[in-house]
1. Pulled fully out, how much extra length does the chain show between Arg37 and Asp358, if you take 0.36 nm times their separation in residues and subtract their Cα-Cα distance?
2. Report the gain in length on full extension from Leu335 to Asp293: 0.36 nm times residue separation, minus Cα-Cα distance, nm rounded to one decimal.
3. Based on other C-beta atoms within 10 Å, arrange Leu112, Leu357 from fewest to most.
4. At R0 = 35 Å, how high is the FRET efficiency between Glu76 and Thr328 if r is their beta carbon distance? Nearest 0.05 is fine.
5. Can you list the residues, at least 5 places off or on another chain, whose amide H is less than 5 Å from the amide H of Thr184, using H built in the peptide plane?
6. Quick one: order Ile93, Ile73, Ile125 by neighbouring beta-carbon count within 10 Å, fewest to most.
7. Taking 26 Å as the cut-off for C-alpha to C-alpha distance, list the pairs among Lys236/Lys269; Lys67/Lys354; Lys67/Lys322; Lys67/Lys359; Lys169/Lys310; Lys118/Lys278 that go past it.
8. Which value in nm describes the separation of the simple spin-label points at Asn52 and Ser65, placed 7 Å from the Cα toward the beta carbon?
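Bear in mind that the values in this text are calculations on the coordinates, not laboratory data. Predicted model only: the values in this text are computed from it and were never measured. FYI the Cβ positions are ideal-geometry reconstructions off the backbone, even for glycines, and counts take in every protein chain you see.
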Amino acid sequence: MQHHPENDPQYKGLTVNQGISSPPVINPYLKERKKRRNFTPVEYVEQILQGNITVLSQAVTLLESQKSEHQLIAQEVIEKCLPYAGHSVRIGITGVPGAGKSTSIDAFGMHLIHDRNKKLAVLAIDPSSERSKGSILGDKTRMEEISREPQAFIRPSPSAGSLGGVARKTRETIILCEAAGFDTIFVETVGVGQSETAVHSMVDFFLLIQLAGTGDELQGIKRGIMEMADGIIVNKADGNNIDKANLAAAQYRNALHLFPLPPSGWTPKVLTYSGYYKNGITEIWDMVYQYIDFTRENGYFELRRHSQAKYWMYESINEQLKNHFYQTPEIAEELIVKEKQILNSEISSFMAAKQMLDKYFDGY
């Protein structure tokens, strides 16, 4: 307490109250925050197999980390989880921006969890800022219903700096989710573009969401993406848009007849539905599981998974070779020299590339 000289007896008739003591700077009711515990790879696997979502999220964060010590732990966790993986149905979901992918995933997820008793993991590849490389992670806000479900796990990942817009470690994340007991995996892409090839190479069923009533429906028919699709669904088939959706579906069916039969032997189907009103959801999942049964019977299901495993081995080799090339100090220095020579028209781009590769390989 501060002493007030005004209270001295010599100052008659003047009194100053003592007041109250100053409150502590730190809130006494605030509990000390627990530090995140660092698990060993064995402990990570034990917790993941028990379905611990918090530890699963930490393991995925390790996967996405660029630190070498994190990568070593993450790869060991994946190796130990591999025997428990592979028992899910992996669904790739794509469509033009605004087609209603996130809203549809929300509706699909509620149907699978409540009507088909499934455990769902959603790996949403979120658009990133080209400047900061950060992600707004907005997709999760549009999956309002399943984000509250204990049987669902949503993991948004920023797309910047990754293979065609698909998070670099999405395939390994699938393995961890399967080991944690999730029997249905959704992989959502940023939109129609390069990322579809990468997603197609890690899923069992590739679902393309289209829109009707946006002008020229044929504009949505792109041969590359249509050939990859195992099923096409036309969203927003409700209200005044039902006739337009049916017309668009008929146009897509006609377009599919022009394509050769896919290696699976399955003829892709075209359905209409409303993600907002949840109409036609049951029919879509009847189609998906009909495809899964069909490809399991004719052997294509396992064949596709085997070819995907080989594809990702070669992709990993290519990625590591590329990273090692650019991270070699001598190469980084020489690249600056070559850039100047190219700009001064002293050497062609192709000859510069050949010389750089020769220099790199001569060192090994």
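1. That works out to 110.9 nm of additional length.
2. 9.9 nm
3. Leu357, Leu112
4. Rounded to the nearest 0.05, the efficiency is 0.85.
5. Val89, Lys119, Ala121
6. Listing Ile93, Ile73, Ile125 from fewest to most nearby Cβ atoms yields Ile73, Ile93, Ile125.
7. Lys67/Lys354; Lys67/Lys359
8. The answer from the label model is 1.6 nm.
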